[in-house]
Structures are given as structure tokens and as C-alpha cells.
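One structure below.
A short reminder: the numbers here are calculations on the coordinates, not readings from a lab. These figures come from a predicted structure and were not determined experimentally. With ideal geometry, Cβ positions are generated from the backbone for all residues, glycine too; neighbour counts draw on all protein chains shown.
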Amino acid sequence: MGAHGLQGDAPREAAQQNRSVAFFGDLFGMILWPVHRLIWADPQRRARKLLEFAEVEASGGRDLVRAAELTHDPVLRARYLVHARDEARHADMFQARGRALRKDAAGEAKEGLADWMAPGERGMEGLDMSREKDADLLAFLHLSESAAARDFARYARVIDKDPATRILFQRILHDEDEHKSYTHGELRRIAPRRTRRILWWARLRRLWKAYLRFATALAGVIAGVALTLQFFLLLPPFAWMAKRNAKREKPGWVTVDERAAR
Amino acid sequence: MKILGISGHYHDSAAALVIDGMPVAAVQEERLSRHKNDAGFPLAAIEWCLDHAGLSPDDLDAVIFYEKPTLKFDRVLTGMLQGWPGSWRSYPKAMKNMLGEKLWVRGLIASQLGIGTRRVHCIEHHQSHAAAAFLTAPTQEAAIITADGVGEWATLTVGTGTKRADGSSEIRMLRELRFPHSLGLFYSAVTAYLGFAVNEGEYKVMGLASYGQPTRIDDMRRLLRPTADGAFTLDLAFFDFLGKVESGFSDRFVALFGPPRKRWQPIDLRSEQGRRFADIAASAQALLEEVMVGIATDLQRETGMRDLCLGGGVALNGVANARILREAGFARLFVPSAPGDAGCALGAALYADRIMFGQPHKPVPDHPFWGPKPDEATLLRIAQEDGIPAARSEQVIEEVADALAADKIVGWVDGALEYGPRALGHRSILAAPHYVAMRDRLNRDIKYREEFRPFAPVVAAEHADRFFELPPGGARLARFMSGVVPVRPEWQSRLAGITHVDGTARVQVLERDMEPRLHALLEAYGRRSGVPVLLNTSFNLAGEPIVNTVSEAYSTFRRCGIDLLVAGNVCVTKPRVVRAQILENVA
């Protein structure tokens, strides 16, 4: 853990604290195992996901830089900058592998990616760094890194026919474990008596954010269905009129007088 | 009167404050939120503007939004109807977008600021652009052209502006082109086709164009055809502004030009495909220039005016600007430091002051420095906390000139932040301009960007003609780095770091009165090297906005190959040993 590694027992304690949370994460992972396997089997899809992960890591790195700029704690500033460098390196690694897979695999990939596949950090889930206290941010980072580590371990397990990608995940997983460990250590340093409470509060916040994501997505689907119905049921006569008017418009300049007449 | 201008909800949100006819503060939201091209409601920018002037929202006489949401909704809905049934995929998204927030912007502003809606007004998007271009320019009378992707309905407008002796001002629009016939959207579709991000990567297309030949210009002319009245029309079969909002080009476009570039695919200019992309970029650029020059020439003949003010995102195209200046018959061309949507915040506030409320015109200070100032004491503290050598110096100009002459790369933070996309000497990375190796080092160690993108020079105004072939009026155009001009052939080898492949450079011609310290640095560097020119690129890393505070400058300095960071009189040096330690000391 380096210069401030007080924290000989920190990883073990963190692991104990996370055990119950990890259990549900693992259970969830086991349920989704066949889905993951199916998704990662296709090289084009794998490439697309790795490129998407690269963006998530790069975004997370930028957020960490922001955290480094805002903190008044010199130790955290140094840690965040190193962490940010790691995230940027991960982004490069994901991107390089994604590009290589694209080159190797035949055919063109379809665009788009399901958001739920993004690794644990999700680019810090839209946290406003300027409003986060150091302890809250560390707790959030710790949990995010734990989730990311779980996700990457899961992905590494299902990719058995692509050793290069599996090794990539394993290498990044090693860094994520380091990040998990330092964030917990630093949290214990700056809030020794409130570590557990802050971590649970961060868990609740993550849960709330997950709920908001789900609710927003659901609301989006409902609104999309309603608007699509409206599009096909209510708009046709107006569409006919709009098309008729469009045909009457002359190409080129519209003068001030013509504009006023419209 | 105290008037706050706001732009936002599309890209490049910003706020600007005008008090008694004079700008006192203007800043883009991205510089404060640190999200590049932040399109959100510019709350941080508003807060900063008000804090800077010591005002509360209640003190404001008016708040002006830079476009009319109802007109915009009209255009979006009409477009969806005209595209029926093909627009069925984009309709829900567009409606959620408009009905969710954008349509109710007056109420949103009123509630965010805690003021009554009667004090919130909206003006048209291209009026904001026109005001930003004309009311900030040191001219009494000018023709005005605004061109961008799309505002409400207008995509390109022409008109005139007058500032009379009695203090009154007028901006008169003569005619406009309407959506979907848009020069900006045409260029953005090509940008997307070439695999760059729309509203961000357009300048990459311009850089790439220099590597190609306009061999596909006849194909481009099938996309964008002239009309009998001197305007143009887009052949919509080649575009898909409704179905593929993110890209804008259709399958027929692809059938004509071949497979588009994928975002992650590198451009190898030695390969056949790389050359194809470069030729397509060159063709689109040539056609855009041709159209802009044609419209400007017609306007000059029609109005007989000597000055032209250019606004809108298309005015960021420095190659086209320089051609307009050379060929359209105008003596001077004014492009503001922020011709894009961010600049509309200031434009809207000035429009309201001069034209809506009839306040007398006052000359606007001719500089782009309206943002927050750095705090050099903070830089000193942070560097000392981290054990990085830092010190105040009264000889900072001479020391920096020495460092530049020794091929060091300098992060330069000085005075109020620029308003607009260009680093014009207050948040710049400076380096010696002489060698290609320096350009490559900047690309590799600092900017992490494509090799085909050039770096810009800054030159002291007194020496500009010696190094660059400035057309008449060129120094004015280059004040805010708005024009691309040839580097004189005899200097190209000594200015290889800033000379683009076609022998040009997007130069900033710096007058002493606009930025005395950078001017002094140029002179000091000139005494050492014989060439008072520096490479000047924006102080940011790829994917990040230009730095604002010294903390942001410092974190950028720590993460890349900048050797020396300067804020005011504080110099922070990065020793080689520390550079290695920085990355590893806590690992």
C-alpha cells in the first residue's frame, strides 16, 4: 500500500464488511452467468464492449482528476492522480484490445450497447465532485472499485476462448483490487470512527442511484410507447398538411417579408 | 441596466453579464463544470457572473435566453411531421427532449434564479449570433452573416448592423436560409462521416482537408446545390437529420462516398483509405468556402459596406474566413472570440441592452478575457505541499523565455479566462515553434491527438508581416485566431512546428495592449531566437475543457509532459526526477 499503508488489516476488514454485499453480487452474477457467456462469445460484441469500457474508464479517470483538483488533502491528491493515471491506462488497454478484436473479427459490429454491462464505476455515476466530501467520495470509490473488480472477475471467467482479453481483465482486476484497498485505507485514515457508517451510507446512495436509473429507464420506455402511439394515431393528418406545405416552399432565401407572412 | 445573457441546452452553455452597456463577466459552463461542451443549464456560469459583479438575481433587470424555445419546438415538430412515418424513431426522443425541459426554459430560468418570469426574455438564435458578432466589433456599420447548424428555423442569415451617432443601434436581417438547408449541418454530416464527434470535431475535418485534394467536389455539389437567388439547397436524399440525428448522413451518402470511418479507426494518411478520407474532407471544405465566399460577395455588392461581421459556428472555420477576406470584397472581417453558441450569451445580453431596451451603444473592450482570474498563491501552496519546486519571481518573463529557448514546454496561466474556444494567451501551452519534433512531442506527450492536426502560432503584431502573408485586414482577423494564412516560404523551415502541411498557419496576431505580458514574452523569446513567434495551443488535455483555475492547470501539468507551469509570477518546475516520482510515489 505504499507510504501511508497503515492499513495492514484494511483489506481484510473491508472484505468482511463487503461479504454480505458481495454475496448478493455473486448470486446475481451466477444467475446472469449464461447471459454473460453468450454476450462475450461474439468477438464483435466483445470488441464493442471493450471500446465502451474504455470510455467509461476514461470518464472515471477525468472524474478522479477533478477530485484531485478539489481536495485539500495532499495525500489524497497524489492518490487520486495515480488512480486517474491507472484509469487512463485501463482505457488505453481496453481500446487497444477492442480495436484489435475489430480488426480480427469479420463483419461490422452493430452500434449501441446496453448500459447495464458497463463495469462497476459507471464513470462515477454522474457524481458532482465539487459537492462531495473526501470521505464520501472515498467510500463511493471503494464500493465502485469493488463492484468493478467483481464484474471484471466475472467477465474474465466467461471468456475462456480469448486468452488475450482474459489476461487483460485479470491485469485490470489487479489494479482494481489495489484501488479498492487504498480507498478503504484512506477512508479509515480521514474518518477512522465513521468508516462503517460512511460506507453504508454510500451503499444506500448507490442503491438509490440504481433505483433512479431503473425508474428513469422505465419512465423513458413508458413515454416512448405513449409518444409512438401518438405518432401513428394522432399525427397522420397533420403530417399530410405539413408535407403539402413543404412542397409549396420555394428553395433558397426567405426574405423578412416572406418570413413574416408564414 | 443589469442584464444576464444565457445560452444552453444544445451545446456550449454559457452566461454573460452586461452592466450599463458594458460586459463585466462571461464564461462557458464547461470551464467551471469541467465537462467538455457542457450543454446543461449554466448554473455555475450564472453564479460566477453574479458573484463576480457582487449581484444577486434580484438585482437583475432582465435575463435573456439566446433562442426562442417555441419557435424551435415549431421547427422540431414540423420536421417530424414532414418526415412521417420515417421519423417515428426520433419522434419520442425529440418530444421528450423538448417537452421535458427545453420548451419551458423561461420558467426554468425564473425558478432557478428565483425571479419572476416577466424579467426573462428570449430572442432568436441568429439575432444572438449577429449581436455577438456586430455589437462587440469596433465598427460603426457592417454587413452581417451568421451561419451554423440550425437555430430555431434559420440556419444562415444575412443582414446589416448600424451604430448611429445618437447612440442607437440596429441589426437588420435581410433574409435567411431555413432548416434543413444548412451549411453547418452539411459540414457536420461530413464530420460524422469521417468519424469525428459532431459539434466538436469540425476543426479536425478542416485540419485533415489540408492533406487531401478536392477530387470529390463534384460529388459534394450533388449534395449541396446552388439556387437561382444565390443561396443553396441540400439534396435531402443524402442526409438523414431526423432518423440519424447523431450522424446526419444517409445510406445514399455512403453509397456515393464509400464506407464511413469508424470512431476508433485511426486515420493513416499513407493508406488509400486515409487518402480517401482526406480527399472527402478537402472537397467538403472547398465547397463550404465556395458557398461562403459567394454569399459574402453578393452581400458586399448589395450593401456596399466595407466591414463584415461573421457569427455562428461556421465562423470558426479559419480557412473559409481567410478566403472570404481575400475574395469577397470586404476590407475588414470581424469574428468574435466566441462566434459559436457560447458567445450567444453575450450577444443576447448586448442585443437586449442596445436594441430591446434601446440603451445607447458603448464600445465593447476589444478582448476575449471575461472569465475568472487565477490565484497564484494557491498554485504556490499546492506545489509546495507536493514537494515540487515552486517560487515567485519578478523575472518570470525572462526565465520563461530562457526555458522556451531551451525547448521546454510551458503551461501559461495569466489573467482572466478567455471567452470562446481558443486559447488566446491566458490559458495556453507555449513552446518553441521551430521544429516538427516539438509538434510531435506535444502530440505524443501532452495533447494525445491525431498527427494531422496542426498547432497554431502567436506572433507579436509588429512582426506578423515578416513571417506570415497576411492579406489586407488579416491582422484584425487574426486577433482572435480566426483566420488561416500562409507562412512566408522563407520562414516555413524555421517555423516547421506550426506550419501545416499546406504551408499555412492559424496565427494569432497579438497587439501589446491586448495582452502585454505575453507580448513581452514574445519579444523576450525573439531576442533569444531571432523569431518572436511561439507555438500556442490550448491548455488542456484531450477530452477536457481548457483549464480555468490554477488547481486544474497544476493537475494537467502533473499528468503530461509540460516542463514549466507559470501563473502570474509563480513558476513551478518539473524536475526529471520528480516527474518520474510523481507517477510512482504512492504506488
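List of remarks:
- Kirkwood-based shape ratio for the range A:59-107, expressed as Rg/Rh from alpha carbons: 1.26
- Normalised contact order of the range B:73-151, rounded percent, pairs of Cα under 8 Å and 6 or more residues apart: 18
- Loop-located trypsin sites (Lys or Arg not before Pro) in the range B:301-348, at most 15 other Cβ atoms within 10 Å (DSSP): B:Arg306
- Per-residue average of Cβ from other chains inside 10 Å of B:86-96: 4
- Amide H within-cut-off set for B:Cys309, under 5 Å, with H built and near neighbours excluded: B:Ala143, B:Ile144, B:Ile145, B:Phe334
- The shape of chain B comes out rounded: with a ≥ b ≥ c from the C-alpha gyration tensor, a/c is under 1.5.
- The mean count of C-beta atoms from other chains within 10 Å of the C-beta of residues in A:60-66, rounded to a whole number, is 4.
- Within the range B:442-459, backbone nitrogen closer than 17 Å to the virtual label 7 Å beyond the Cα of B:Leu269 toward Cβ: B:442-444, B:448-457
- Antiparallel DSSP beta bridges within the protein assembly as shown, percent to nearest 5: 75
- Partners for B:Lys36 among lysines (Cα-Cα distance below 21 Å; same-chain residues under 8 apart left out): B:Lys102, B:Lys204, B:Lys373, B:Lys447
- Relative contact order computed over the range B:376-584 (Cα-Cα under 8 Å; 6+ residues apart), in percent: 34
- Average beta carbon contacts from partner chains per residue of A:242-253, 10 Å cutoff: 5
- Close amide H pairs (under 5 Å, H built 1.01 Å from N) link B:Phe239 with B:Ser250, residues at least 5 positions away or on another chain.
- Whichever lysines have a C-alpha closer than 28 Å to that of A:Lys180, once near sequence neighbours (fewer than 8 apart) are set aside: A:Lys49, A:Lys133, A:Lys209
- Sorted by Cβ density within 10 Å, fewest first, the residues A:Phe238, B:Phe330: A:Phe238, B:Phe330
- For a straight C-alpha distance cut-off of 22 angstrom, the lysines reachable from A:Lys247 (same-chain residues fewer than eight places away being disregarded) are B:Lys72.
- The order of A:Met241, B:Met98, B:Met514, going from fewest to most other C-beta atoms within 10 Å of their C-beta, is A:Met241, B:Met98, B:Met514.
- Note on the protein assembly as shown: the alpha carbon radius of gyration divided by the globular reference 2.2 N^0.38 Å gives 0.96.
- In plain terms, the residue of B:His463, A:His179 with the fewest other Cβ atoms within 10 Å comes first and the most crowded comes last, giving B:His463, A:His179.
- Take B:496-507, B:67-78 and order them by the average number of nearby Cβ atoms within 10 Å per residue, most first; the result is B:496-507, B:67-78.
- At least 30 Å along the helix axis (C-alpha) and Kyte average at least -1.0, DSSP helices within chain B: B:272-303
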